[in-house]
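Take a look at the structure set out below.
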Amino acid sequence: MPTTAPTAHALSDVTASDSTLRRFLHGLPGVDAVGLEARAASLGTRSIKTTAKAYAIDLAISMVDLTTLEGADTPGKVRALGAKAVHPDPTDRTTPTTAAVCVYPDMVAVAKEAVAGSGVKVASVATAFPAGRAALDVKLADVREAVAAGADEIDMVIDRGAFLAGRYLKVYDEITAVKEACGTSARLKVIFETGELSTYDNIRRASWLGMLAGADFIKTSTGKVAVNATPANTLLMLEAVRDFRAQTGVQVGVKPAGGIRTSKDAIKFLVLVNETVGEDWLDNHWFRFGASSLLNDLLMQRQKLATGRYSGPDYVTVD
(Lines give C-alpha, C1' and ligand atoms only; values in the text may rest on other atoms or scores of the structure.)
Protein backbone atom coordinates (compact mmCIF):
# COMPACT_ATOMS: atom_id res chain seq x y z
CA MET A 1 0.00 0.00 0.00
CA PRO A 2 2.37 2.72 -1.20
CA THR A 3 1.87 6.33 -0.32
CA THR A 4 3.04 9.26 -2.39
CA ALA A 5 4.22 12.72 -1.45
CA PRO A 6 5.69 15.79 -3.15
CA THR A 7 9.33 15.55 -4.25
CA ALA A 8 12.17 16.44 -1.87
CA HIS A 9 12.77 19.97 -3.19
CA ALA A 10 9.12 20.79 -2.42
CA LEU A 11 9.52 19.88 1.26
CA SER A 12 11.86 22.74 2.13
CA ASP A 13 9.11 25.37 2.13
CA VAL A 14 6.07 23.42 3.34
CA THR A 15 6.68 24.63 6.89
CA ALA A 16 6.96 28.31 5.93
CA SER A 17 3.51 29.11 7.28
CA ASP A 18 0.49 27.52 8.89
CA SER A 19 -1.34 27.57 5.57
CA THR A 20 1.42 25.90 3.55
CA LEU A 21 1.89 23.23 6.21
CA ARG A 22 -1.85 22.56 6.38
CA ARG A 23 -2.04 22.38 2.58
CA PHE A 24 0.81 19.87 2.52
CA LEU A 25 -0.54 17.65 5.30
CA HIS A 26 -4.08 17.65 3.95
CA GLY A 27 -2.68 16.94 0.49
CA LEU A 28 -1.26 13.61 1.60
CA PRO A 29 -3.19 10.64 0.16
CA GLY A 30 -6.16 9.48 2.23
CA VAL A 31 -5.71 6.18 4.04
CA ASP A 32 -7.69 3.17 2.84
CA ALA A 33 -8.60 1.91 6.32
CA VAL A 34 -9.97 -1.43 5.12
CA GLY A 35 -6.90 -2.12 2.99
CA LEU A 36 -4.52 -1.05 5.75
CA GLU A 37 -6.11 -3.30 8.37
CA ALA A 38 -6.36 -6.22 5.94
CA ARG A 39 -2.65 -5.99 5.04
CA ALA A 40 -1.64 -5.72 8.72
CA ALA A 41 -3.79 -8.76 9.55
CA SER A 42 -2.42 -10.72 6.58
CA LEU A 43 1.20 -10.08 7.52
CA GLY A 44 0.40 -11.14 11.09
CA THR A 45 -0.44 -14.67 9.90
CA ARG A 46 3.05 -15.42 8.56
CA SER A 47 4.49 -18.54 10.18
CA ILE A 48 7.99 -18.41 11.66
CA LYS A 49 10.16 -21.53 11.79
CA THR A 50 12.22 -22.51 14.85
CA THR A 51 15.60 -21.11 13.72
CA ALA A 52 14.05 -17.88 12.50
CA LYS A 53 12.01 -17.65 15.71
CA ALA A 54 15.16 -17.85 17.86
CA TYR A 55 16.72 -15.05 15.81
CA ALA A 56 13.53 -12.97 16.01
CA ILE A 57 13.30 -13.35 19.80
CA ASP A 58 16.89 -12.21 20.31
CA LEU A 59 16.31 -9.32 17.90
CA ALA A 60 13.16 -8.31 19.76
CA ILE A 61 14.97 -8.40 23.12
CA SER A 62 17.64 -6.11 21.68
CA MET A 63 14.92 -3.67 20.58
CA VAL A 64 13.11 -3.31 23.91
CA ASP A 65 13.02 0.04 25.68
CA LEU A 66 12.51 -1.42 29.16
CA THR A 67 10.19 1.06 30.78
CA THR A 68 8.98 2.20 34.16
CA LEU A 69 6.87 5.35 34.24
CA GLU A 70 4.95 5.26 37.49
CA GLY A 71 4.44 7.75 40.27
CA ALA A 72 5.75 5.11 42.67
CA ASP A 73 9.11 4.69 40.89
CA THR A 74 12.04 4.67 43.32
CA PRO A 75 15.81 4.70 42.79
CA GLY A 76 15.87 1.05 43.85
CA LYS A 77 13.29 0.08 41.24
CA VAL A 78 15.17 1.95 38.53
CA ARG A 79 18.47 0.29 39.52
CA ALA A 80 16.79 -3.12 39.33
CA LEU A 81 15.37 -2.22 35.92
CA GLY A 82 18.83 -1.18 34.75
CA ALA A 83 20.34 -4.43 35.97
CA LYS A 84 17.68 -6.37 34.09
CA ALA A 85 18.31 -4.37 30.90
CA VAL A 86 22.03 -5.20 31.07
CA HIS A 87 21.52 -8.89 31.94
CA PRO A 88 17.93 -9.82 31.05
CA ASP A 89 18.60 -13.46 31.95
CA PRO A 90 21.32 -13.71 34.62
CA THR A 91 21.49 -17.50 34.06
CA ASP A 92 22.35 -17.09 30.37
CA ARG A 93 24.88 -14.40 29.49
CA THR A 94 24.32 -14.99 25.75
CA THR A 95 21.01 -13.14 26.09
CA PRO A 96 21.22 -9.75 24.35
CA THR A 97 20.96 -6.56 26.35
CA THR A 98 17.88 -4.44 25.78
CA ALA A 99 18.18 -1.27 23.71
CA ALA A 100 17.41 1.15 26.53
CA VAL A 101 15.71 1.82 29.81
CA CYS A 102 13.04 4.52 29.77
CA VAL A 103 12.35 6.59 32.90
CA TYR A 104 11.20 10.01 34.08
CA PRO A 105 13.74 12.87 33.96
CA ASP A 106 14.42 12.80 37.71
CA MET A 107 15.50 9.14 37.44
CA VAL A 108 17.90 9.58 34.51
CA ALA A 109 21.05 9.90 36.64
CA VAL A 110 20.14 6.75 38.60
CA ALA A 111 19.47 4.82 35.38
CA LYS A 112 22.67 6.11 33.80
CA GLU A 113 24.73 4.78 36.70
CA ALA A 114 22.89 1.43 36.63
CA VAL A 115 23.70 0.74 32.96
CA ALA A 116 27.14 2.36 32.81
CA GLY A 117 29.55 0.65 30.42
CA SER A 118 26.94 -1.74 29.01
CA GLY A 119 25.87 -0.01 25.81
CA VAL A 120 22.27 0.19 27.07
CA LYS A 121 20.88 3.66 26.39
CA VAL A 122 18.93 5.78 28.85
CA ALA A 123 15.74 7.29 27.44
CA SER A 124 13.66 9.84 29.27
CA VAL A 125 10.10 10.94 28.67
CA ALA A 126 9.67 14.70 28.71
CA THR A 127 7.47 17.66 27.69
CA ALA A 128 4.89 17.14 30.46
CA PHE A 129 4.44 13.43 29.68
CA PRO A 130 1.90 11.93 29.13
CA ALA A 131 -0.66 14.70 28.47
CA GLY A 132 1.73 17.32 27.12
CA ARG A 133 -0.33 20.07 28.74
CA ALA A 134 2.21 22.66 29.80
CA ALA A 135 3.78 25.88 28.58
CA LEU A 136 6.68 25.48 26.14
CA ASP A 137 9.26 26.81 28.60
CA VAL A 138 8.20 24.17 31.12
CA LYS A 139 8.47 21.46 28.47
CA LEU A 140 11.92 22.61 27.41
CA ALA A 141 13.09 22.73 31.03
CA ASP A 142 11.92 19.11 31.32
CA VAL A 143 14.05 18.18 28.30
CA ARG A 144 17.12 20.10 29.42
CA GLU A 145 16.98 18.48 32.87
CA ALA A 146 16.97 15.02 31.33
CA VAL A 147 19.76 15.80 28.84
CA ALA A 148 21.92 17.40 31.55
CA ALA A 149 21.49 14.25 33.66
CA GLY A 150 22.82 12.16 30.78
CA ALA A 151 19.79 11.02 28.78
CA ASP A 152 20.76 9.50 25.44
CA GLU A 153 17.23 9.77 24.09
CA ILE A 154 14.19 11.97 24.72
CA ASP A 155 10.64 10.69 24.23
CA MET A 156 8.45 13.79 23.85
CA VAL A 157 4.67 14.00 23.49
CA ILE A 158 3.03 16.28 20.97
CA ASP A 159 0.27 18.73 21.88
CA ARG A 160 -2.66 16.63 20.66
CA GLY A 161 -5.11 19.45 21.37
CA ALA A 162 -3.23 21.79 19.04
CA PHE A 163 -2.89 19.08 16.39
CA LEU A 164 -6.58 18.18 16.44
CA ALA A 165 -7.49 21.87 16.27
CA GLY A 166 -5.43 22.13 13.08
CA ARG A 167 -2.69 24.25 14.65
CA TYR A 168 0.00 22.26 12.88
CA LEU A 169 2.67 24.95 12.89
CA LYS A 170 2.45 25.22 16.70
CA VAL A 171 3.09 21.48 16.96
CA TYR A 172 5.92 21.73 14.42
CA ASP A 173 7.55 24.64 16.28
CA GLU A 174 7.38 22.75 19.60
CA ILE A 175 9.06 19.69 18.10
CA THR A 176 11.83 21.76 16.54
CA ALA A 177 12.38 23.57 19.86
CA VAL A 178 12.64 20.25 21.69
CA LYS A 179 15.00 18.92 19.02
CA GLU A 180 17.23 21.95 19.60
CA ALA A 181 17.12 21.38 23.37
CA CYS A 182 18.30 17.79 22.80
CA GLY A 183 21.50 19.18 21.32
CA THR A 184 23.84 16.74 19.65
CA SER A 185 23.87 14.21 22.49
CA ALA A 186 20.27 12.95 22.56
CA ARG A 187 18.07 11.46 19.84
CA LEU A 188 14.44 12.57 19.75
CA LYS A 189 11.41 10.26 19.69
CA VAL A 190 8.11 12.02 19.00
CA ILE A 191 5.01 10.41 20.55
CA PHE A 192 1.70 10.99 18.77
CA GLU A 193 -0.70 9.17 21.12
CA THR A 194 -2.36 7.54 18.11
CA GLY A 195 -5.33 6.41 20.19
CA GLU A 196 -6.32 10.06 20.60
CA LEU A 197 -5.83 11.10 16.96
CA SER A 198 -9.12 9.43 15.93
CA THR A 199 -8.33 8.65 12.27
CA TYR A 200 -5.66 6.98 10.19
CA ASP A 201 -5.43 10.14 8.10
CA ASN A 202 -4.43 12.05 11.24
CA ILE A 203 -1.79 9.43 12.08
CA ARG A 204 -0.31 9.82 8.60
CA ARG A 205 -0.33 13.62 8.94
CA ALA A 206 1.26 13.45 12.40
CA SER A 207 3.96 11.11 11.07
CA TRP A 208 4.95 13.53 8.30
CA LEU A 209 4.71 16.51 10.65
CA GLY A 210 7.05 14.86 13.16
CA MET A 211 9.56 13.90 10.49
CA LEU A 212 9.54 17.34 8.88
CA ALA A 213 10.28 18.80 12.33
CA GLY A 214 13.37 16.62 12.81
CA ALA A 215 12.19 13.55 14.74
CA ASP A 216 14.77 10.76 14.91
CA PHE A 217 11.94 8.35 15.77
CA ILE A 218 8.18 8.49 15.52
CA LYS A 219 6.36 6.65 18.30
CA THR A 220 2.77 5.49 18.54
CA SER A 221 1.80 5.98 22.14
CA THR A 222 2.53 6.74 25.77
CA GLY A 223 1.05 3.46 26.99
CA LYS A 224 -1.23 5.49 29.24
CA VAL A 225 -4.44 5.43 27.15
CA ALA A 226 -6.87 2.67 26.12
CA VAL A 227 -5.66 2.27 22.52
CA ASN A 228 -1.90 2.09 22.04
CA ALA A 229 0.25 0.38 19.39
CA THR A 230 -1.64 -1.75 16.89
CA PRO A 231 -0.35 -3.56 13.80
CA ALA A 232 -2.38 -1.21 11.58
CA ASN A 233 -1.19 2.08 13.04
CA THR A 234 2.39 0.81 13.13
CA LEU A 235 2.15 -0.32 9.50
CA LEU A 236 0.91 3.15 8.55
CA MET A 237 3.86 4.79 10.33
CA LEU A 238 6.31 2.36 8.69
CA GLU A 239 4.92 3.34 5.28
CA ALA A 240 5.41 6.99 6.22
CA VAL A 241 9.09 6.58 7.17
CA ARG A 242 9.69 4.53 4.02
CA ASP A 243 8.20 7.26 1.84
CA PHE A 244 9.93 10.05 3.75
CA ARG A 245 13.32 8.43 3.12
CA ALA A 246 12.44 7.96 -0.56
CA GLN A 247 11.64 11.67 -0.81
CA THR A 248 14.39 13.16 1.37
CA GLY A 249 17.10 10.53 1.87
CA VAL A 250 16.59 10.82 5.66
CA GLN A 251 15.91 7.65 7.65
CA VAL A 252 13.62 7.89 10.69
CA GLY A 253 12.97 5.17 13.27
CA VAL A 254 9.65 3.78 14.49
CA LYS A 255 8.66 2.81 18.03
CA PRO A 256 5.34 1.09 18.75
CA ALA A 257 4.60 1.33 22.46
CA GLY A 258 1.91 0.00 24.77
CA GLY A 259 -0.08 -3.22 24.49
CA ILE A 260 2.71 -5.41 23.05
CA ARG A 261 2.99 -8.12 25.69
CA THR A 262 3.94 -11.44 24.09
CA SER A 263 6.66 -12.86 21.86
CA LYS A 264 3.99 -13.67 19.29
CA ASP A 265 2.96 -9.99 19.23
CA ALA A 266 6.57 -8.82 18.88
CA ILE A 267 7.30 -11.19 16.01
CA LYS A 268 4.22 -9.95 14.15
CA PHE A 269 5.59 -6.41 14.39
CA LEU A 270 9.01 -7.56 13.15
CA VAL A 271 7.31 -9.13 10.11
CA LEU A 272 5.61 -5.78 9.46
CA VAL A 273 9.01 -4.08 9.56
CA ASN A 274 10.67 -6.60 7.25
CA GLU A 275 7.87 -6.59 4.70
CA THR A 276 7.28 -2.82 4.69
CA VAL A 277 10.65 -1.12 5.09
CA GLY A 278 13.09 -4.01 4.91
CA GLU A 279 16.34 -4.90 6.64
CA ASP A 280 17.54 -1.32 7.03
CA TRP A 281 15.09 -0.93 9.91
CA LEU A 282 15.68 -4.37 11.50
CA ASP A 283 18.10 -2.92 14.02
CA ASN A 284 17.57 -1.24 17.38
CA HIS A 285 18.97 2.00 16.01
CA TRP A 286 15.81 2.26 13.87
CA PHE A 287 13.12 0.14 15.54
CA ARG A 288 12.14 -0.21 19.19
CA PHE A 289 9.43 -1.71 21.35
CA GLY A 290 8.17 0.45 24.22
CA ALA A 291 7.30 -2.18 26.78
CA SER A 292 7.48 -3.34 30.36
CA SER A 293 5.99 -6.88 30.42
CA LEU A 294 7.09 -7.96 26.91
CA LEU A 295 10.65 -8.78 27.96
CA ASN A 296 9.55 -11.46 30.41
CA ASP A 297 7.62 -13.37 27.77
CA LEU A 298 10.51 -13.11 25.32
CA LEU A 299 12.84 -14.56 27.96
CA MET A 300 10.47 -17.45 28.74
CA GLN A 301 10.07 -18.27 25.04
CA ARG A 302 13.83 -18.07 24.59
CA GLN A 303 14.41 -20.58 27.34
CA LYS A 304 11.77 -22.90 25.90
CA LEU A 305 13.55 -22.92 22.54
CA ALA A 306 16.87 -23.65 24.25
CA THR A 307 15.71 -26.35 26.68
CA GLY A 308 12.41 -27.65 25.34
CA ARG A 309 10.73 -26.72 28.61
CA TYR A 310 8.47 -23.77 29.23
CA SER A 311 9.30 -21.84 32.40
CA GLY A 312 6.59 -20.21 34.43
CA PRO A 313 6.59 -16.54 35.41
CA ASP A 314 8.69 -17.36 38.51
CA TYR A 315 11.65 -17.80 36.14
CA VAL A 316 11.81 -14.07 35.45
CA THR A 317 11.81 -11.02 37.68
CA VAL A 318 8.62 -9.08 38.19
CA ASP A 319 9.05 -5.46 37.07
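The values are calculated or read from the model by the stated rules, or taken from the named source; none is laboratory data. Model, not experiment: these values are computed from the prediction. Positions of Cβ are generated from backbone atoms using ideal geometry, with glycine treated the same way; all protein chains shown enter the neighbour counts. Ligands, DNA and RNA are stripped out before the accessible areas are found, and what is left, the full protein with its side chains, is counted by its heavy atoms. Shrake-Rupley method; radii C 1.70, N 1.55, O 1.52, S 1.80 Å.
Results, tabulated for the structure shown:
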quantity: Approximate shape of the chain as ellipsoid semi-axes (Cα gyration tensor, √5λ), whole Å, largest first; calculated: 31, 24, 15
quantity: Where a label projected 7 Å from the Cα of Thr45 along Cα→Cβ would reach, residues of the stretch 227-259 with amide N under 19 Å; calculated: 231-233, 235
quantity: Virtual spin-label span in nm between Ala16 and Glu70, 7 Å along Cα→Cβ; calculated: 5.2
quantity: Of Lys49/Lys224; Lys49/Lys268; Lys49/Lys219; Lys139/Lys224, those spanning more than 24 Å from alpha-carbon to alpha-carbon; calculated: Lys49/Lys224; Lys49/Lys219
quantity: Sequence of Thr307, Thr50 when ordered by accessible area, the most exposed leading, probe 1.4 angstrom; calculated: Thr50, Thr307
quantity: Computed [θ] at 222 nm, helices only, for the chain once each DSSP H run of length n ≥ 4 contributes -39500 (n - 2.57); calculated: -14000 deg cm²/dmol
quantity: Scaled radius of gyration (Cα, divided by 2.2 N^0.38 Å) that the stretch 232-312 gives; calculated: 1.25
quantity: Accessible carbon and sulfur surface of the stretch 1-102 relative to its total accessible area, %, 1.4 Å; calculated: 58
quantity: Sequence-distant residues sharing a close amide H with Ser124 (under 5 Å, placed H); calculated: Val103, Glu153, Ile154, Asp155
quantity: Angstrom value of the Kirkwood radius, inverse mean 1/r, which spans all Cα pairs in the stretch 156-209; calculated: 11.5
quantity: Largest-first principal axis extents of the Cα set of the stretch 114-198 (Å); calculated: 45, 25, 18
